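Engineer: Here you go, one structure.
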Amino acid sequence: MKKLMLLVLALILGAAGLAGAAEGKARLMITTGGIGGVYYYYGTTVAEILTKGAGVEATAIQTAASVDNLLLIQRRTDPRKNTYYYGTVLPDSAYLAYTGQAERFKDKPAKEVRVLWAMYPNLMHVVAAPGSGIKTVADLKGKRVSTGAPGSGTEVEAFLILEGAGLKPSDLGKHERLGAAESSESLSHGTLEAYFWSGGLPTASITELATSLARKGSKMELVDLAPDSEMVKSLLARFPGVMETGVIPKDVYNTDRDNKTLAFWNLMVCHQDVPEEAYAVTKALFEKQTQLQESVKAAKDTTVANSIKFVDGTIPYHPGALRYYKEIGAIK
């Protein structure tokens with residue numbers, strides 16, 4: 001009888017705890033990326049804005065970026081605890097996860113994911129060391145190369161680009177899986193000959209790399225992904241509306257010429273079970289748009305006009321975000 005009473009008491013207290021969590025502020029975990037990449041600084045600023053203006057408790061957390069963020073949104077969001085995971089993700093990673101084409105989502109496609117807004121375009125950087133002789137993606141064969149952190153959107157895109165050039169990771173002389181800051185440091189020290197990085201302009205760690213090399217009297221190089229190449233054409237055809245051609249101007253990292261590359265519009269996404277907070281979050285973000293843009297250079301492209309770029313895309317927008325866009329007349 002005593003055990004039964006204790007069990008009943010535990011159930012009552014548990015229910016009370018869940019009710020208390022539901023009544024309190026929603027806890028938002030903003031999943032970002034590695035330090036040295038734009039995701040981390042963007043997500044940290046967003047968390048500050050939302051904590052002050054959206055009636056939620058928002059915390060930015062460092063992750064390996066897109067794929068990890070999608071997994072966290074799918075598996076860690078818990079309405080019973082009033083805890084919701086949001087994430088900064090690349091559109092191709094989100095598309096492959098949502099449709100179940102990504103390896104880690106084959107058994108359970110990320111159908112719960114919903115878009116809040118498009119953030120800014122990532123530009124694919126294929127960074128090569130001075131004097132490496134790397135001029136094309138095909139030249140990476142036999143070289144020491146990092147394809148990005150495991151579970152990152154950079155890694156997903158790097159593998160797609162290598163595949164398009166007829167290469168596999170095993171064709172590389174040494175295959176590393178490092179984040180932005182680690183890749184830059186390794187190339188600076190001569191332990192890498194090239195690395196992939198998908199990020200906004202400018203990416204701090206690449207700026208620091210360019211400065212470091214300039215002090216040594218040399219310059220890094222950026223490998224072209226030419227829009228008229230068969231590799232780029234095939235990728236654009238495979239991911240319509242997800243990828244587009246882009247340019248990294250030479251003055252961004254003090255390179256000798258503009259770099260032709262691929263651009264990917266980053267997305268802020270959440271779980272479909274996020275309640276009314278999705279409206280408050282979207283509203284607060286755009287009401288403090290200037291603060292975000294002053295804090296993060298790449299966020300100059302986080303505008304209402306750009307935020308709705310994918311409204312008719314494969315992945316649905318959250319109803320709360322759509323409500324805000326309709327309210328201000330951005331969509332009908």
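Engineer: For the subset of segment 191-229 comprising residues that are among the hydroxyl-bearing types (Ser, Thr, Tyr) and within 21 Å of the chain's Cα centre (by Cα), which member is surrounded by the most Cβ atoms within 10 Å (Cβ to Cβ)? Explain how you work it out, then say what you get.
Structural biologist: Pass one, segment 191-229, residues among the hydroxyl-bearing types (Ser, Thr, Tyr): 191, 195, 198, 203, 205, 207, 211-212, 218, 229.
Now restrict to residues that are within 21 Å of the chain's Cα centre (by Cα): 195, 198, 203, 205, 207.
Numbers: 195: 29, 198: 34, 203: 27, 205: 22, 207: 15.
That would be 198.
Engineer: If we keep just the residues of segment 162-199 that are of a type in the set (Ser, Thr, Tyr) and in a helix (DSSP H, G or I), which is farthest from residue 150 (Cα to Cα)? Spell out the reasoning first.
Structural biologist: Step one: list which residues in segment 162-199 are of a type in the set (Ser, Thr, Tyr), which gives 170, 183-184, 186, 188, 191, 195, 198.
Subset that is in a helix (DSSP H, G or I): 170, 183-184, 186, 188.
On the way: 170: 16, 183: 13, 184: 16, 186: 17, 188: 21 Å.
Ranking the qualifying residues of segment 162-199, first place goes to 188.
Engineer: Okay, next question. Answer yes or no: is there a residue in segment 260-272 that is out of contact with any Pro (no Cβ under 7 Å at 6 or more places or on another chain), in contact (Cβ under 8 Å) with a residue 24 or more places away in the chain and outside any strand (DSSP E or B).
Structural biologist: Within segment 260-272, one or more residues are out of contact with any Pro (no Cβ under 7 Å at 6 or more places or on another chain), in contact (Cβ under 8 Å) with a residue 24 or more places away in the chain and outside any strand (DSSP E or B).
Engineer: So, residue 234, is that one assigned by TED's automatic domain parsing to the domain that holds residue 163, without any contact (Cβ under 8 Å) to a residue 12 or more places away in the chain, out of contact with any strand residue (DSSP E or B) (no Cβ under 7 Å at 6 or more places or on another chain) and within 20 Å of residue 140 (Cα to Cα) or not? I'd like the intermediate steps shown before the answer.
Structural biologist: Numbers: assigned by TED's automatic domain parsing to the domain that holds residue 163: yes; without any contact (Cβ under 8 Å) to a residue 12 or more places away in the chain: no; out of contact with any strand residue (DSSP E or B) (no Cβ under 7 Å at 6 or more places or on another chain): yes; within 20 Å of residue 140 (Cα to Cα): yes.
Taking the combined requirement at face value, the residue does not satisfy it.
Engineer: Oh, and also: Would you mention how many residues in segment 140-157 are in contact (Cβ under 8 Å) with a residue 40 or more places away in the chain and either within 24 Å of residue 190 (Cβ to Cβ) or in the same structural domain as residue 68 (by TED's automatic domain parsing) (or both)?
Structural biologist: Residues of segment 140-157 that are in contact (Cβ under 8 Å) with a residue 40 or more places away in the chain, as a first pass: 140, 143-157.
If we keep only those that are either within 24 Å of residue 190 (Cβ to Cβ) or in the same structural domain as residue 68 (by TED's automatic domain parsing) (or both) too, we end up with 140, 143-150, 152, 154-155.
Residues flagged as in contact (Cβ under 8 Å) with a residue 40 or more places away in the chain and either within 24 Å of residue 190 (Cβ to Cβ) or in the same structural domain as residue 68 (by TED's automatic domain parsing) (or both) within segment 140-157 amount to 12.
Engineer: Read through the list (1) free of Cβ contacts under 8 Å to residues at least 24 places away in the same chain; (2) farther than 24 Å from residue 153 by Cβ; (3) not assigned by TED's automatic domain parsing to the domain that holds residue 237, then give the number of the only condition that residue 291 fails.
Structural biologist: (1)
Engineer: I've got another one for you. Restricting to segment 296-329, name every residue that is of a type in the set (Gly, Ala, Ser) and surrounded by fewer than 16 Cβ atoms within 10 Å (Cβ to Cβ). Can you show your working first?
Structural biologist: Looking only at segment 296-329, we keep the residues that are of a type in the set (Gly, Ala, Ser), and these are 298-299, 305, 307, 313, 320-321, 329.
305, 329, listed by residue number.
Engineer: Next question. Which residues, taken from segment 200-234, are among the hydroxyl-bearing types (Ser, Thr, Tyr) and under 25 Å from residue 151 (Cα atoms)? I'd like the intermediate steps shown before the answer.
Structural biologist: Of all residues in segment 200-234, those among the hydroxyl-bearing types (Ser, Thr, Tyr) come to 203, 205, 207, 211-212, 218, 229, 234.
203, 205, 207, 234, listed by residue number.
Engineer: Give the residue, chosen from 326, 283, that is touching a helix residue (DSSP H, G or I) at 6+ places or on another chain (Cβ under 6 Å), part of a helix (DSSP H, G or I) and on the phi < 0 side of the Ramachandran plot. Steps first, please.
Structural biologist: On the way: 326 fails: touching a helix residue (DSSP H, G or I) at 6+ places or on another chain (Cβ under 6 Å).
The unique qualifying residue is 283.
Engineer: Scan segment 175-184 and give yes if some residue there is touching a Phe, Trp or Tyr at 6+ places or on another chain (Cβ under 9 Å), over 24 Å from residue 119 (Cβ atoms) and modelled with pLDDT of 95 or more, otherwise no.
Structural biologist: yes
Engineer: Can you tell me which of 154, 245, 147 is under 25 Å from the mean Cα position of the chain (by Cα), farther than 17 Å from residue 121 by Cα and polar (S, T, N, Q)?
Structural biologist: Details: 154 fails: farther than 17 Å from residue 121 by Cα; 245 fails: farther than 17 Å from residue 121 by Cα.
Being under 25 Å from the mean Cα position of the chain (by Cα), farther than 17 Å from residue 121 by Cα and polar (S, T, N, Q) holds for just one of 154, 245, 147, which is 147.
Engineer: Output the number of residues of segment 185-227 satisfying the condition of being closer than 17 Å to residue 140 by Cβ and not charged (D, E, K, R).
Structural biologist: Filtering segment 185-227 down to residues closer than 17 Å to residue 140 by Cβ leaves 186-187, 190-198, 220-226.
After this cut, where a residue has to be not charged (D, E, K, R) as well, the list is 186-187, 190-192, 194-198, 220, 222-223, 225-226.
Count: 15.
Engineer: Please list, ordered by residue number, the helices (runs of 4 or more DSSP H) wholly in segment 29-120 having 1 or more residues that are modelled with pLDDT of 95 or more and surrounded by fewer than 21 Cβ atoms within 10 Å (Cβ to Cβ).
Structural biologist: Values: elements: 38-53, 66-76, 91-98.
By residue number, 38-53, 66-76.
Engineer: Here's something else I'd like to know. Among 59, 99, which is the only one that is closer than 24 Å to residue 310 by Cβ, over 15 Å from the mean Cα position of the chain (by Cα) and not small (Gly, Ala, Ser)? Steps first, answer last, please.
Structural biologist: Details: 59 fails: closer than 24 Å to residue 310 by Cβ.
Exactly one of 59, 99 is closer than 24 Å to residue 310 by Cβ, over 15 Å from the mean Cα position of the chain (by Cα) and not small (Gly, Ala, Ser), namely 99.
Engineer: Give the number of residues within segment 209-228 that are in a loop (DSSP other than H, G, I, E, B) and within 17 Å of residue 125 (Cα to Cα). Break it down into steps so the answer makes sense when it comes.
Structural biologist: The initial filter retains those residues of segment 209-228 that are in a loop (DSSP other than H, G, I, E, B), namely 216-220, 223-228.
Next cut, within 17 Å of residue 125 (Cα to Cα) only: 219-220, 223-227.
Residues in segment 209-228 being in a loop (DSSP other than H, G, I, E, B) and within 17 Å of residue 125 (Cα to Cα): 7 in total.
Engineer: Also: Is it the case that some residue within segment 271-281 is among the acidic types (Asp, Glu), over 21 Å from the mean Cα position of the chain (by Cα) and surrounded by 23 or more Cβ atoms within 10 Å (Cβ to Cβ)?
Structural biologist: Yes, some residue in segment 271-281 is among the acidic types (Asp, Glu), over 21 Å from the mean Cα position of the chain (by Cα) and surrounded by 23 or more Cβ atoms within 10 Å (Cβ to Cβ).
Engineer: In segment 133-141, is there at least one residue being of a type in the set (Asp, Glu), part of a helix (DSSP H, G or I) and touching a Phe, Trp or Tyr at 6+ places or on another chain (Cβ under 9 Å)?
Structural biologist: Just the residues of segment 133-141 that are of a type in the set (Asp, Glu), to begin with: 139.
With part of a helix (DSSP H, G or I) added as a condition, the list becomes 139.
With touching a Phe, Trp or Tyr at 6+ places or on another chain (Cβ under 9 Å) added as a condition, the list becomes none.
No, there is no match, as no residue in segment 133-141 is of a type in the set (Asp, Glu), part of a helix (DSSP H, G or I) and touching a Phe, Trp or Tyr at 6+ places or on another chain (Cβ under 9 Å).
The values are calculated or read from the model by the stated rules, or taken from the named source; none is laboratory data. Every value quoted in this text rests on a predicted model; they were computed, and no experiment measured them. Cβ sites come from the backbone with ideal geometry, for glycine too, and all protein chains shown count toward neighbours.
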